[in-house]
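> Please find one structure pasted underneath; my questions will follow.
Quick note: the coordinates plus some simple rules give every number you see, no bench work behind them. Quick caveat: nothing in here was measured; it's all calculated off a predicted structure. Backbone-built Cβ (ideal geometry, glycine too); neighbour counts: all protein chains shown.
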Amino acid sequence: MRLSFPNILAYAEHMNNMITDLSREKFPHTDIMRTDTNAYTIVMSLAGYQKTNIAVSVERNILTVEGEWKDAPKETEYVMHGISKRKFKRMFPLAEQIEVESVEMNDGMLYIDLLRSVPEKDQLKEFEIN
């Protein structure tokens, strides 16, 4: 089964295979939204994680988000333990024209804004017919 991702993530066939491999991890829960014609936002649910324990980087057109939960004191005795507190690494292949515009953490949600910058020579040009 091949997963369907927006073109912010990949253009070439070999990248589609990489997306499937890199996206098998389902934690943390993630949404990818188109916010404008050339803008996207990745939203990750990271309740309880400190922003100092999260790293966001881009290398060779791969956006990587890594995080680690800093453990509660050892003397903590849980009556119920339902909050995921694990180390994670999510990777998203980006098309060449996609750049990270901003990264923000707000109310346990990580927002990564992406912008597709299309060179002027590649932009749509409309012409009036005389």
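> Starting from the Cα of Lys70, draw a straight line to each of the lysines and keep only those under 19 Å, dropping any in the same chain fewer than 8 residues away.
Straight-line reach from Lys70, under 19 Å: Lys51, Lys85, Lys87, Lys89.
> Next question. Within the set of other residues whose C-beta is less than 9 Å from the C-beta of Ile112, count the net charge using Lys and Arg as +1 and Asp and Glu as -1.
-3
> Using modelled amide H (1.01 Å from N, peptide plane; none on Pro or chain starts), what sits under 5 Å from the amide H of Leu63, excluding residues fewer than 5 places away?
Sorted by chain and number, the residues that satisfy this are Phe92, Leu94.
> Also, quick follow-up: Using the Karplus curve 6.51 cos²θ - 1.76 cosθ + 1.60 with θ = phi - 60°, what ³J(HN,Hα) values do you get for each residue of the stretch 40-51, in whole Hz, with x for Gly and Pro?
Once rounded to whole Hz, the list reads 9, 9, 9, 10, 10, 7, 10, 4, x, 7, 8, 5.
> Using each residue's phi in the stretch 80-97, evaluate 6.51 cos²θ - 1.76 cosθ + 1.60 at θ = phi - 60° and report the 3J(HN,Hα) Karplus result to the nearest Hz, with x for Gly and Pro.
Rounded to whole hertz, the list is 9, 10, x, 8, 5, 10, 10, 6, 9, 8, 10, 10, 10, x, 10, 5, 4, 8.
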